[in-house]
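Structure, as structure tokens:
The values are calculated or read from the model by the stated rules, or taken from the named source; none is laboratory data. Please read these numbers as outputs of a predicted model, since none were measured by experiment. Cβ atoms come from the backbone with ideal geometry, glycine included; neighbour counts cover every protein chain shown. Just so you know, the surface numbers come from the protein's heavy atoms only, side chains and all, with ligands and any DNA or RNA stripped out. Shrake-Rupley method; radii C 1.70, N 1.55, O 1.52, S 1.80 Å.
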Amino acid sequence: MTPTDPATQSSTSPPGSSEVTSLPRARPGRVQIEPVSPVVDDGRFSAKATTGEVVTVTADLFADGHVRIAGALRYRPVGGTWTEVPLVPGVNDRWTASFVPDEIGPWEYTIHGWVDHFETWRQGTTKKVAAGQDVAVELEIGLGLVDALAARARGEDRTTLAAVRETLAVGRIPRFLEDDGAAADAAALAWRCAPRQPTSRLAKPLPLTVDRERARFSAWYEFFPRSTVDGAASHGNLADAIDRLDHVAELGFDVVYIPPIHPIGITKRKGPNNTTTSEPGDVGVPWAIGSSDGGHTAVHPDLGTVDDVVALAEACHDRDMDLALDMAFQCSPDHPWVSEHPEWFEKRPDGTVQFAENPPKRYEDIYPLHFENDDWQSLWCALRDVMLFWVERGVKVFRVDNPHTKPFAFWEWAIAEVRADHPDVLFLAEAFTRPRVMERLAKLGFTQSYTYFAWRTGRAELEEYLRDLSSRTVDYFRPNFWPNTPDILTEQLQTGGRAVFRSRAVLAATLTANWGVYGPAFELCEHEPVRAGSEEYLNSEKYQLRSWDLERAESLAPLLARLNEIRRSQPALQHDRTIRFHGSADERVICWSKTDPAGEGAPILVVVNLDPHQQAATTVDVDWAALGLAYDATYQLKDLLGGGRYTWHGAVNYVELAPWSLVAHVFEVSGPPAPEEAP
């Protein structure tokens, strides 16, 4: 990031010169401002934060020669008043400052740097005093610098400077030339009062999008309202869904995600287990949106009405949860738009409408929207208006289906349109595609993103993936880890038994701050595929009604509830920036720690056995520094998941984890134990 002073942007000729020379209008600043963080694509896109989260800004500041410099971080909500805090120097010209945004919406920040002539004088004079040299001239110079400070000082600072001037005027050495504590006070006073011209600054403020906390820290639970939990074979509805909210809340989830609630098309309707023909009574796929009953702003008659959606959203809000609606911008052949706006759909040479396909898969019950049509502006506005329709009815979270199959420019515009008046709306991108595409969607405004977590099963690939997510993309890409979805039943879940469901839950809930499960199927360890080699569930809810017995003995509900309870109580697990991996002598065992960037709460150390079939008895090699411990320390571990307390010493310590009993430790780390009382 190159500093630019607007005063340097013109050309002129020096007086008396016969030669045309390009010169700045005013003297340029001497401070250079180079790599700045957080910044996304040189400020083209916003970095992300949440209210109450510490935003740490870093930059390299340096100048020519031996002068001392100072810097300031300035930040504000866009259109608001600037707040300024000092940049603090660190190692190798790296300067840092932090702030905590207190409202959602667009923010911006910038950096100023200038030569600190008073501090340059103070440090130089201090060295001469220490060397026993005559500093009479330096004290005279100091008088002029103090006068410059006093001209800008107010209140107590002005009184302090008057006393300093009096000391210098009689030729005495001020205390801050000999006292380290007083020197710090003098440096702070100079930062407040010193003239800053010429000032170096960033060419333009850098953008920061501030979301509500749930963007950074959330737990999602997905269920189909049309399925039941009471053993009844009837079609469930949105009113029934309200009755399920207490169960979800008891498990500690705070986002309730339901698949599309709209009318489902009849033409080419799919049957159970994705058969290409349906029978009377088959309910079809919720993602085949639209029928004679309406489209994206209508509700399937068997589910209820728009008022029922409002009631469900309010019931979620009453439980401190959000309702997330699936936003799938596609249509069944029976959607009203097909006849009202035929130009919004691509025609093939034979006159038929192009249906969705991902060879060899064919989705003849779904028509994709054709964004390259001549009436594209009307299409964009219609899709924006669909989102606004539901926002105005209390829905503040959208899980967006396949956003990578729609133009990037559309999403950048549409999300900005929605958030302009509703900055509390959150968007989860369901895009299991190439990394750069997923990252671009996050830059364009998607709040959270699905990830490859479901398919990262080994220790090395998990560590590599998390290191990337917590470093290179952490300023804008918020990962949301799901071990399963209605579309994803991995081979590991199919074959690993109950133990792998337990270990995957611990991994998802503690590796990242956002996680989710396709609820009943995960709770009950549903693992049968429709066929070998498929990731589709047998008797999937996508194609038929189900009734779930959530009281089954093998339910993972207690584990899910405990994990969410731990997450809520431990600030370290509510962020993605501080994950550090620790060594293990057994490749089947993965170990990592997390700390809270603001220093709240205790460090958390997690150890997981990734082998669902065999016990792991091994040692882990703990990095003390990552946990804030002294070298070769003795420290205490409280297992928040399995119970028990342990005292470890040094780096290498023993763990034993068995898939049939304890698959993981989630340790709260504290310092050395208190000395035992004397008898």
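Residues satisfying the criterion are present in the stretch 186-196 (criterion: over 26 Å from residue 478 (Cα atoms), in contact with a strand residue (DSSP E or B) (Cβ under 9 Å, 6 or more places away or on another chain) and of a type in the set (Phe, Trp, Tyr)). Might you check whether a residue that is on the phi > 0 side of the Ramachandran plot, free of Cβ contacts under 8 Å to residues at least 24 places away in the same chain and open to solvent by 20 Å² or more (accessible area, probe 1.4 Å) occurs anywhere in the stretch 144-155? Looking for residues that are on the phi > 0 side of the Ramachandran plot, free of Cβ contacts under 8 Å to residues at least 24 places away in the same chain and open to solvent by 20 Å² or more (accessible area, probe 1.4 Å), one finds at least one in the stretch 144-155, hence yes. When residue 232 is tested against (1) open to solvent by 40 Å² or more (accessible area, probe 1.4 Å); (2) at pLDDT below 95; (3) among the hydrophobic types (A, V, I, L, M, F, W, C), exactly one condition is not met: (1).
Restrict the check to the stretch 172-188 and report whether at least one residue is of a type in the set (Lys, Arg), open to solvent by 10 Å² or more (accessible area, probe 1.4 Å) and at pLDDT 95 or above. No, there is no match, as no residue in the stretch 172-188 is of a type in the set (Lys, Arg), open to solvent by 10 Å² or more (accessible area, probe 1.4 Å) and at pLDDT 95 or above.
The numbered conditions (1) under 22 Å from residue 328 (Cα atoms); (2) open to solvent by 60 Å² or more (accessible area, probe 1.4 Å); (3) within 31 Å of the chain's Cα centre (by Cα) are all true for residue 292 except (3).
Conditions (1) at pLDDT below 95; (2) small (Gly, Ala, Ser); (3) closer than 19 Å to residue 580 by Cβ, marked per residue:
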{"position": "601", "(1), (2), (3)": "no, yes, yes"}
{"position": "606", "(1), (2), (3)": "no, no, yes"}
{"position": "619", "(1), (2), (3)": "no, no, yes"}
{"position": "625", "(1), (2), (3)": "yes, yes, yes"}
{"position": "630", "(1), (2), (3)": "yes, yes, yes"}
{"position": "645", "(1), (2), (3)": "no, no, no"}
{"position": "657", "(1), (2), (3)": "no, no, no"}
{"position": "671", "(1), (2), (3)": "yes, yes, yes"}
{"position": "679", "(1), (2), (3)": "yes, no, no"}
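Flag not set for residue 587, criterion: at pLDDT below 95 and among the charged types (D, E, K, R).
Applying the set (1) open to solvent by 10 Å² or more (accessible area, probe 1.4 Å); (2) in contact (Cβ under 8 Å) with a residue 40 or more places away in the chain; (3) not polar (S, T, N, Q); (4) not in a loop (DSSP other than H, G, I, E, B) to residue 244 leaves exactly one unmet item: (2). Can you spot a residue in the stretch 234-248 that is over 30 Å from residue 385 (Cα atoms) and of a type in the set (Ser, Thr, Tyr)? So far as the stretch 234-248 goes, yes, one or more of its residues are over 30 Å from residue 385 (Cα atoms) and of a type in the set (Ser, Thr, Tyr). Residue 113 fulfils the conditions (1) in contact with a Lys or Arg (Cβ under 8 Å, 6 or more places away or on another chain); (2) surrounded by fewer than 19 Cβ atoms within 10 Å (Cβ to Cβ); (3) touching a residue at least 40 places away in the same chain (Cβ under 8 Å) except for a single criterion, (2).
For the stretch 423-542, give me every one of the helices (runs of 4 or more DSSP H) that falls completely inside it and has 2 or more residues that are under 17 Å from the mean Cα position of the chain (by Cα). Don't jump to the end; show me each part of the working.
Details: elements: 435-444, 459-469, 491-495, 497-511, 519-523.
In the stretch 423-542, the matching helices (runs of 4 or more DSSP H) lie at 435-444, 459-469, 497-511.
Checking each residue in the stretch 298-319 for being open to solvent by 80 Å² or more (accessible area, probe 1.4 Å) and touching a His at 6+ places or on another chain (Cβ under 9 Å) picks out only 302. Beta carbons closer than 7 Å, at least 6 apart along the sequence or on distinct chains, never pair a first residue in the stretch 415-436 that is open to solvent by 10 Å² or more (accessible area, probe 1.4 Å) with a second that is modelled with pLDDT under 95 and part of a strand (DSSP E or B). Only one of the numbered conditions (1) at pLDDT below 95; (2) open to solvent by 10 Å² or more (accessible area, probe 1.4 Å); (3) not in a loop (DSSP other than H, G, I, E, B) is violated by residue 209, and that is (1).
Name the residue, out of 50, 96, 120, that is hydroxyl-bearing (Ser, Thr, Tyr), in contact with a Gly (Cβ under 7 Å, 6 or more places away or on another chain) and touching a residue at least 40 places away in the same chain (Cβ under 8 Å).
Values: 50 fails: in contact with a Gly (Cβ under 7 Å, 6 or more places away or on another chain); 120 fails: in contact with a Gly (Cβ under 7 Å, 6 or more places away or on another chain).
None of the other options fit; the residue is 96.
Only one entry of 506, 517 meets the criterion of being touching a helix residue (DSSP H, G or I) at 6+ places or on another chain (Cβ under 9 Å) and over 16 Å from residue 486 (Cβ atoms), and that entry is 506. Tell me, please, whether a residue that is out of contact with any Lys or Arg (no Cβ under 6 Å at 6 or more places or on another chain) and part of a strand (DSSP E or B) can be found in the stretch 380-395. Taking every residue of the stretch 380-395 in turn, none turns out to be out of contact with any Lys or Arg (no Cβ under 6 Å at 6 or more places or on another chain) and part of a strand (DSSP E or B).
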